[in-house]
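The values are calculated or read from the model by the stated rules, or taken from the named source; none is laboratory data. Because the structure is predicted, anything quoted here is derived from the model rather than measured. Here the Cβ positions follow ideal geometry from the backbone for every residue, glycine too, while neighbour counts run over all protein chains shown. We work out accessible area using only protein heavy atoms, side chains counted, and drop any ligands, DNA or RNA first. Shrake-Rupley method; radii C 1.70, N 1.55, O 1.52, S 1.80 Å.
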Amino acid sequence: MKFEFDNNIPIYIQLVEQLKIYIISGKINSGERLPSVRELALQTKVNPNTMQKALVELEELKLVFTERTNGKFVTNDRKIIEKYREEYAYELSKKYFASMEGIGFNISEIIEYLKDLGGDK
C-alpha cells in the first residue's frame, strides 16, 4: 500500500478514504485479514494511533470488523462494499461533470466526449 498525504486534510480521514478505495476496488479482498495496526502504520509511515483511529472509522462504516484474537478483517458483506463503491463512483462522476461544465461542455457534449474516449464498445 502506497499513500500520499495532503497536509490540508487530517491524516486519519485520508487513511479512511484510501483504505476504503483499496477495499471497494478489490485491491484488498473481502474477508481478507488486514495487517496489524503497527504494520499498517509502518507501511503508511503514520503514527499507530492515527492508523487505529482510521480503522475504528472503517469499522463504524462496517467495511472492517475485528475478531478478538485474530485481528481485523475486511467485511464479507458484498452489499456494503458495493454500496460504498456506487457512492464513490457517483461522487467522482459529479466532480467530473462539474469540471467539464466549468470549461464550457454541456451534458450531451460530456457524454459524447466520454463515448469517444471509451470507444463505443
### Summary
Listed by first then second residue, the pairs whose first member lies in region 96-116 and is of a type in the set (Phe, Trp, Tyr), whose partner is open to solvent by less than 70 Å² (accessible area, probe 1.4 Å), with beta carbons under 7 Å and at least 6 positions apart or on separate chains, are Phe97/Ile110; Tyr113/Phe105
### Message
Can you tell me which residue is surrounded by the fewest Cβ atoms within 10 Å (Cβ to Cβ) among those in region 44-102 that are among the hydroxyl-bearing types (Ser, Thr, Tyr) and closer than 19 Å to Gly31 by Cα?
### Response
Thr69
### Task
Go over the candidates Arg38, Arg33 one by one and state the one that is charged (D, E, K, R), modelled with pLDDT of 95 or more and either open to solvent by less than 30 Å² (accessible area, probe 1.4 Å) or within 18 Å of Thr75 (Cβ to Cβ) (or both).
Arg33
### Query
Taking region 67-96 only, how many residues are modelled with pLDDT of 95 or more and farther than 20 Å from Glu57 by Cβ?
8
